[in-house]
1. Only residues that are under 17 Å from B:Gln43 (Cα atoms) and either outside the structural domain of B:Gly41 (by TED's automatic domain parsing) or among the hydroxyl-bearing types (Ser, Thr, Tyr) (or both): list them for segment B:118-139, please.
2. Identify, please: which residue in segment A:131-182 is assigned to a loop (DSSP other than H, G, I, E, B), out of contact with any helix residue (DSSP H, G or I) (no Cβ under 6 Å at 6 or more places or on another chain) and touching a residue at least 40 places away in the same chain (Cβ under 8 Å) and is, among those, farthest from the other protein chains (Cβ to nearest Cβ)?
3. Tell me whether segment B:269-283 contains one or more residues that are under 20 Å from B:Thr324 (Cα atoms), of a type in the set (Val, Ile, Thr), at pLDDT 90 or above and under 26 Å from the mean Cα position of the chain (by Cα).
4. Can you tell me how many residues within segment B:249-293 are without any contact (Cβ under 8 Å) to a residue 24 or more places away in the chain, closer than 24 Å to B:Ile233 by Cα and in contact with an Asp or Glu (Cβ under 9 Å, 6 or more places away or on another chain)?
5. Does segment B:148-183 hold any residues that are part of a helix (DSSP H, G or I), within 14 Å of chain A (Cβ to nearest Cβ) and of a type in the set (Phe, Trp, Tyr), and which are they?
6. Would you confirm, using the coordinates I've provided, whether A:Asn74 is more than 20 Å from A:Ser181 (Cα to Cα) and without any contact (Cβ under 8 Å) to a residue 40 or more places away in the chain?
7. Name the pairs whose Cβ atoms lie under 6 Å apart, with the first residue in segment A:1-21 and under 21 Å from B:Gly199 (Cα atoms), the second hydroxyl-bearing (Ser, Thr, Tyr), and 6 or more positions between them or separate chains?
8. Suppose the filter is in a helix (DSSP H, G or I) and buried (at least 20 other Cβ atoms within 10 Å of the Cβ); does B:Val140 pass it?
Amino acid sequence: MNGTPLWALESFWKKTAIWVTAGSFLILVVLTMDSLSKTSAGSKRVPAYTVINKKIDYQYNKELHKFMPIIGENEFLFGKEYTEEEARQLVDLGKKTTQAKNCMNCHTLLGNGAYYAPDLTKAWLDKGWVSKEMREGMMVKFLMDPENNARTFGSNRKMPNLDITEQEAKGIIAFLKWMSSIDTNGFPYNFKTINAEE
Amino acid sequence: MNASGLNGVMQQTAALYEKSHVYLNNFKSWVQLDSSNLSDGQQLAVKYFIVAVILFFAQILFGMLAAIQFIVPGFLYEILDFSVNRMIHINAMIVWMLYGFIGCVYWFLEDESGTEIVGLKLGNIAFWVLTGAVTLVVLVYLLVQIGPGKDSSIWLINEGREYIEAPRWADIGIVVVMLIFFYNVVATFSKGKWSGIAGVLTLDLVALAGLYVAGMFYMTNITHDQYWWWWVIHLWVEATWEVLVGVIMAWSLMKLLGVRRKIIQTWLYIEVALMFGSGILGLGHHYFWIGTPEYWLTIGGFFSALEPIPLVAMVVHAVYDSGTHAFKNGNHPALAWIIAQAFGNFFGAGVWGFMHTLPQINMYTHGTQWSASHGHLAFFGAYATINIAFFYLAIQHWRGDVWMGGGSQNAWRWKWALGLLNGGVLGMTIALLIAGYEQSFIERAVEGSTWGGYFSAQNHPSFQNAMGWRLFFGGITFAGFILLVWDLLTIGKGETRKAPEIIES
């Protein structure tokens, strides 16, 4: 055989490149549509914003071999039951505030961001808030004046004062509570919540 | 202000302007660069390169400030907090690399298309608009920093999403500038001649500009937010940027070594097939833990595990071509940086990425310094190196195609700059890897990622020592950068020998 074999031809690889790219992209588009519909707020994996009215926990599921969020009975935030629209507005304010205050360039959210401060994925459930009774009050105070309510765990790293208003602080807490209810495929592993018995 | 006060200010401004003019002229006569050696497109390209180098400096500077804060947490507290330094550190990086890429393309556009750039004036306007916008964005980052939790903050100050923090107004500006750039590329190739390189470049730029738009929306739902955010970040740096670098590398190898176009373009198509074939669905490795369905564990794990393959192919390509041409080339520093790119890309993006890409491991490494370790070596190895190689190609031509082969004067400078920069980044990478390992064990595996667990890992001596070493190697990198700039400004000055003619073989 004298001609160049097929696998060494420029034209063969050109066609391969085009087909592989187009094919992969098409699969990605289909998967994207599926993923977005399965993760809209109110889906099984990403609960509705009214989940802030409920008790949230995070426990190991023996059948699934992973940690799963558990949504329980009513446990109001700031002693109030939020309607669907009120809950959405409050979480939205919190989410927008986390962006405007650039939280992600110190903290991680769902494990993404910077590594100078702790992950916020399950921050609502963290034992650092001592007890469920103290949690909301401590969080509001901390967010509004982190310098004087610093929680450095011996690291000397203090969150700076970010001019967070009381309403914004409440929004952030609602956002964190809602985020802790998302099914994150078992990440983080082995997390002991504030509800867990010592 | 009264009239005399205003007069005084104006006089001072005029004096300052005159003084800076004198300094600029002194500098110009010192560097002795003759711009008549450059074509119009190349003159535009070097503007991009100059801003790229300035932003490279900003990247290292703010990275060092952030690195100090890991060791001395009170350093610049509530003046330039970690979040601000870190944001400028990573934004300067993204933007200088984009400036470098745009410069590279403008550099070879006329040569590759065989005609003059169609919208040169527009390209120049776009350059100044982009540079003005970047300056304004950085000033707002530094001086305003944060805003209230309202849409106006996201539009005017900071979008608060890692890597694409630029406020929305700037996003729109970036898209407009990219469209002008894209128009210039397509119109110039259409007027002149198309080639395989031209085709791949054009399609890649469509994807690159189009993807950016996916990151321009605010969403309350953080799962959706991060879903689209990764579309931009991943499909940029692990797909379209890699292909763009493949294009730049292909053209450089033709010019530097005289590799035949047919071989270069066949390789380029193979790389595109492998890169997009693994990288597009490899996006799934960012969808393990953000709330997205479980099938991403399989798809993301499988395809991202294939991502190193095209990078191996690129190493083979660069080393094989250099070998068959017995390393005969007209620009030693540029070729050295291209070889550094091939290996840096393979180790940084390929090996360091593969190490933590499988979900079984990523469960523990996600959100730790592992990612920072990978990020440092990958961005430097894949993208900083190719830009630096191109800076050397550009400066050689700017000096009138002077000799930059064996026996060049002061060759120690580029060699030491190469060694210090690569050694510095590698040192930071290893230090961060050790910190990442320690975090994975103590914070993630043992203590279950609570805040208490996070801080016991941060306070651990292994972690603290690693941060010390990271800062030290940051200093080495900084020294390498200073030497690099000095070398770029002086290399080939007073050289009378001409570069050898490299012919295709």
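The values are calculated or read from the model by the stated rules, or taken from the named source; none is laboratory data. On a predicted model such as this, the values are computed, not experimentally measured, just so you know. So basically every Cβ, Gly included, is an ideal-geometry build from the backbone, and we count neighbours across all protein chains shown.
1. Residue satisfying the conditions is B:Thr131 alone.
2. Restricting attention to segment A:131-182, the residues satisfying the condition of being assigned to a loop (DSSP other than H, G, I, E, B) are A:131, A:145-165, A:180-182.
Retained after the next criterion (residues that are out of contact with any helix residue (DSSP H, G or I) (no Cβ under 6 Å at 6 or more places or on another chain)): A:131, A:145-148, A:150-152, A:156-163, A:165, A:182.
Still in the running and touching a residue at least 40 places away in the same chain (Cβ under 8 Å): A:131, A:157, A:159, A:162, A:182.
Details: A:Ser131: 15, A:Arg157: 4, A:Met159: 9, A:Leu162: 6, A:Ile182: 4 Å.
Ranking the candidates gives A:Ser131 first.
3. Yes, there is a match, as at least one residue in segment B:269-283 is under 20 Å from B:Thr324 (Cα atoms), of a type in the set (Val, Ile, Thr), at pLDDT 90 or above and under 26 Å from the mean Cα position of the chain (by Cα).
4. Counting residues in segment B:249-293 that are without any contact (Cβ under 8 Å) to a residue 24 or more places away in the chain, closer than 24 Å to B:Ile233 by Cα and in contact with an Asp or Glu (Cβ under 9 Å, 6 or more places away or on another chain) gives 1.
5. B:Trp155
6. When the stated conditions are applied, A:Asn74 does not pass them.
7. Pairs found: A:Glu10/B:Thr266; A:Trp13/B:Thr266; A:Trp13/B:Tyr269; A:Lys14/B:Tyr269; A:Ala17/B:Tyr269.
8. no
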